[in-house]
Structures are given as C-alpha cells and as structure tokens.
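Engineer: Below is one structure. I have some questions about it.
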Amino acid sequence: MPTPSMEDYLERIYLLIEEKGYARVSDIAEALVVHPSSVTKMVQKLDKSEYLIYEKYRGLVLTPKGKKIGKRLVYRHDLLEEFMKLIGVNKENIYRDVEGIEHHLSWDAIDRIGDLVQYFEENPGRVEELREVQKNNG
C-alpha cells in the first residue's frame, strides 16, 4: 500500500491526467505546493513501486495499478467532501478537514460512509430531518 504522501501524489497525478491529458513535474509541484525536486523524488519512488512509468524529460504515465489506486483515492476524497457537506460542515472547512482525515480511515469506514451518503441521497427528506435536528441542537 502507498504511504499517505504517495497517495497525495497519486491522487493529484490522476486528476491532472484526467483534466489535461498529462501530468508534468511542474504541474504536480504547483498543485501540491512543493518543490519540483520533491516531485521528482516521489515520482521516482512511485516508478519503483510500479504505480507509474517515469522517463526524465519525457513525462510520466500511470500504470494500470496506479490508475486504479488514483481513481479510488479521488473517489474517497469526493465521497468525504460529499459526506462533510451532507452533515453540515461549513464549506470553508471541508477541504482542510477531508485532507486531515482521508489517510486515517480504513476502506471499511469509507464504504460505510458511502452507505450513509447513499441513504441520505435516496430520500432528500432525510437530509431535511437532519437539518431540523441540527437546528434544534444548536
């Protein structure tokens, strides 16, 4: 399994490739607010771990293993953002909160959160009931 830092890179690389069709070291560095040299070191680690193929000065390509994990990490992030919105977390806190917890939850917990989000989305009245409870509690 990738480390939390590797996960951050894989998630960002996956998103860049989805959005732009490619991910350059400079794009990754800018997105993660790190130095390009740090990106190069991590990309080399990800290459060794077979999450991507990196050729100096030519760019990188996610392997099927890297794509699968990248997609799953993006799903996890999006699901947690949706969950935070659903339970009424202030918008300005959501991204930071998700970044703070996403690496600390098991995939079992992620699946249960997915079940809960689905439960609320299937019946908007449930969300309204939750908002009433929140209003009454304070």
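Engineer: Excluding ligands, DNA and RNA, what is the solvent-accessible area per residue of the chain at a probe of 1.4 Å, expressed in Å²?
Structural biologist: Working: 8970 Å² over 138 residues.
Each residue of the chain exposes 65 Å² on average to a 1.4 Å probe.
Engineer: Scan [x] 1.01; [y] 1.07; [z] 1.04 for the value of Rg/Rh (Cα atoms, Kirkwood Rh) calculated from this model and give just the label.
Structural biologist: For Rg/Rh (Cα atoms, Kirkwood Rh), the calculated option is [y].
Engineer: With just the Cα atoms defining each centre, how far is segment 108-138 from segment 89-106? Give it in Å.
Structural biologist: Comparing the Cα centres of segment 108-138 and segment 89-106, I get a distance of 17 Å.
Engineer: Please check which bits of segment 108-138 a label hung off Asn90 would reach, taking the label as a point 7 Å along Cα-to-C-beta and the cut-off as backbone N under 16 Å.
Structural biologist: Under cut-off, by backbone N: 138.
Engineer: How much net charge surrounds Tyr51 when only other residues with a Cβ under 11 Å from its Cβ are counted (Lys, Arg +1; Asp, Glu -1)? Mind dumping the intermediate values first?
Structural biologist: On the way: positive: Lys45, Lys48, Lys65, Lys67, Lys68; negative: Glu7, Asp47, Glu50.
With Lys, Arg at +1 and Asp, Glu at -1, the net is +2.
Engineer: Give me the percent relative contact order of segment 20-138, please, defined on Cα pairs under 8 angstrom at least 6 residues apart. Don't jump to the answer; show the numbers that get you there.
Structural biologist: On the way: 70 pairs, mean separation 18.2, N = 119.
Reported relative contact order: 15 percent.
Engineer: Multiplying the sequence separation of Glu18 and Val34 by 0.36 nm and subtracting their Cα-Cα distance, what value in nm do you get?
Structural biologist: Working: separation 16, 0.36 × 16 = 5.76 nm, distance 2.08 nm.
Length difference between fully extended and current span is 3.7 nm.
Engineer: I would also like to ask the following. Where does each of Ile94, Ile53 land when they are ordered by accessible area, with a 1.4 Å probe and the largest first?
Structural biologist: Details: Ile94 10, Ile53 90 Å².
Result, largest first: Ile53, Ile94.
Engineer: Going by amide H atoms built from the backbone, whose H comes under 5 Å of the H on Leu52, apart from near neighbours?
Structural biologist: Here the answer is Asp47, Thr63, since their amide H atoms fall under 5 Å of that of Leu52.
Engineer: Using the structure shown, list the pairs from Lys20/Lys85; Lys20/Lys45; Lys71/Lys91; Lys48/Lys68; Lys65/Lys91; Lys45/Lys67 with a Cα-Cα distance above 21 Å, or answer none. Working shown, then result.
Structural biologist: Working: Lys20/Lys85 27 Å; Lys20/Lys45 23 Å; Lys71/Lys91 24 Å; Lys48/Lys68 17 Å; Lys65/Lys91 33 Å; Lys45/Lys67 16 Å.
Over 21 Å Cα-Cα: Lys20/Lys85; Lys20/Lys45; Lys71/Lys91; Lys65/Lys91.
Engineer: How far is helix 124-137 tilted, in degrees, relative to the longest principal axis of the Cα atoms in the chain, given as a value from 0 to 90 rounded to the nearest 10?
Structural biologist: Approximately 70 degrees, to the nearest 10.
Engineer: Determine the share of segment 1-44's accessible area contributed by carbon and sulfur atoms, expressed in whole percent, with a 1.4 angstrom probe. Let's see the in-between values first.
Structural biologist: Values: 1320 of 2450 Å².
Its accessible area is 54 percent carbon and sulfur atoms.
The values are calculated or read from the model by the stated rules, or taken from the named source; none is laboratory data. Keep in mind the model is a prediction, meaning the values are calculated, not measured. Here Cβ is always computed from backbone atoms with ideal geometry, including for glycine, and neighbour counts include all displayed protein chains. Surface accessibility is based on the protein's heavy atoms, side chains included, excluding ligands, DNA and RNA. Shrake-Rupley method; radii C 1.70, N 1.55, O 1.52, S 1.80 Å.
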